[in-house]
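Everything on this sheet refers to the single structure shown next.
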Amino acid sequence: MVLVSGAEVLRTARRKQFAVPQFNVLNLEMVDAVIRTAESLKSPVIVGLVDRHFPLLDVDALVYAVKRSARKAAVPVILHLDHGRTWDRVMEALRLGFTSVMFDGSLLPLEENARITGEIVRAAHAMGVSVEAELGHVGSRNEGDDNQYTSAEEAGYFVDRTNVDYLAVSIGNTHGHYRGEAPTFRMDVLRRIHDAVSVPLVLHGGSETPLSEIHDAISLGIAKINIFTEFAHAYLAGLSELAGQSRIDYLDIAAYGKRNAIAVIERKLTEFRSAWQCA
């Protein structure tokens with residue numbers, strides 16, 4: 001089938017209480033691993049490209065590969081721009097044929113975030129493309145990039161004003177490897193957000209998160225979970241294993257990375273309960 005937009009898939013996920021994983025990719029092997037594995041487990045899936053990776057990647061080639069693989073797949077595949085920082089980047093993604101885009105205005109004042117998001121929603125919806133926004137701020141391990149919890153009151157206002165399709169929230173989740181112990185999500189914060197809005201909710205920083213936390217979050221409206229750190233680390237670990245061998249068959253370079261990555265994909269599809277949803 002052709003690429004699909006995210007809104008209907010994620011509304012179904014929220015209603016049926018499963019989450020669709022988004023795997024951010026860096027090369028053709030990752031694209032193939034994600035889509036083939038999703039098809040084998042009869043799961044919808046989201047292939048993500050991150051705004052800040054655009055200068056480092058052959059984006060045209062990756063987009064072509066995702067479109068070509070999606071046409072052959074028997075499950076819904078969504079191509080998503082992750083953390084689009086500017087209007088121009090989002091418009092570029094729309095021209096390239098992405099079927100879901102994120103505008104990340106989480107560090108902007110509320111009104112400015114809502115204004116730009118609303119303008120992007122109008123442009124994207126005219127092309128049949130879904131839009132994700134972020135409210136509050138999901139930080140990272142970088143110094144000074146701290147979490148700011150999402151306000152349920154602001155979330156209700158923001159969704160009503162922008163007509164955004166799904167909303168990324170900050171409830172204690174963090175991008176990258178977690179420092180020290182695994183995270184404990186603020187389920188009280190998530191419950192208030194869930195009660196305030198009807199759109200599907202998005203969890204960034206889903207790597208290394210305990211399964212009990214994931215299932216509780218899904219029960220409170222999380223319908224999309226982003227995975228990059230764990231996925232990329234598994235791929236690189238496979239390459240490192242190959243590099244450590246005394247005799248290397250260079251044709252194994254792609255296979256070793258994909259083997260480890262596929263194991264992560266299979267586990268996430270199962271844990272997030274999206275496996276067999278398309279059976």
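The values are calculated or read from the model by the stated rules, or taken from the named source; none is laboratory data. Worth saying up front: this structure is predicted, and the values here are computed from it rather than measured. Here the Cβ positions follow ideal geometry from the backbone for every residue, glycine too, while neighbour counts run over all protein chains shown. We work out accessible area using only protein heavy atoms, side chains counted, and drop any ligands, DNA or RNA first. Shrake-Rupley method; radii C 1.70, N 1.55, O 1.52, S 1.80 Å.
For Asp216, put the label point 7 Å out on the Cα→Cβ axis and report which residues of the stretch 151-174 keep their amide N under 16 Å from it. Once the point is set 7 Å along Cα→Cβ of Asp216, 170-174 turn out to lie under 16 Å by backbone N, inside the stretch 151-174.
Only bridges whose two residues both fall in the chain count here: according to DSSP, what percent of them are antiparallel, nearest 5? Within the chain, antiparallel bridges account for around 5 percent of the total. Quick check: from the Cα gyration tensor, does the stretch 11-106 come out rounded (a/c under 1.5), prolate or oblate? Oblate, since a/c reaches 1.5 and b/c is not below a/b.
Sketch the reach of a paramagnetic label on Glu111 as a point 7 Å from Cα along Cα-to-Cβ, and name the residues of the stretch 151-170 whose backbone nitrogen lies under 17 Å away. Flagged as within label range: 154-155, 157-159, 161-162. Computed over the chain, relative contact order equals 22 percent, with contacts defined as Cα pairs under 8 Å that lie 6+ residues apart. At a probe radius of 1.4 angstrom, the accessible area of the chain per residue rounds to 44 square angstrom. With a Förster radius of 30 Å applied to the C-beta separation of Val2 and Trp87, the computed FRET efficiency comes to 0.70.
Computing FRET efficiency as 1/(1 + (r/R0)^6) for Met187 and Ala279, where r is the C-beta to C-beta distance and R0 is 25 Å, gives about 0.25.
Here the Karplus relation 6.51 cos²θ - 1.76 cosθ + 1.60, evaluated at θ = phi - 60°, turns the backbone of the stretch 65-76 into coupling constants of 5, 5, 4, 5, 5, 5, 4, 8, 7, 9, 10, x Hz, with x for every Gly and Pro.
Placing a pseudo-label 7 Å from each Cα along the Cα-to-Cβ vector at Arg161 and Thr12 gives an inter-label distance of 3.3 nm. What you get for the stretch 12-149, charging only the Cβ of Lys and Arg (+1) and of Asp and Glu (-1), is a dipole of about 860 debye around the Cα centre. In the neighborhood of Lys224, defined by Cβ-to-Cβ distances under 15 Å, what is the net charge if each Lys or Arg adds +1 and each Asp or Glu adds -1? Net local charge, Lys224 excluded: -1. Angle check, please: helix 229-243 long axis (alpha carbons) against the longest principal axis of the chain (alpha carbons), in degrees 0 to 90, nearest 10. Helix 229-243 and the main axis of the chain meet at about 10 degrees. Taking Cα centre as origin and charging only the Cβ of basic (Lys, Arg, +1) and acidic (Asp, Glu, -1) residues, the dipole magnitude of the chain rounds to 960 debye.
Overall, the accessible surface of the chain at a probe of 1.4 angstrom is composed of carbon and sulfur to the extent of 50 percent.
Please name whichever of Val75, Leu107, Thr86 sits farthest to the positive end of the charge dipole of the stretch 37-111, dipole taken about the Cα centre and charges placed at Cβ: Lys and Arg +1, Asp and Glu -1. The Cα lying farthest towards the positive end belongs to Val75.
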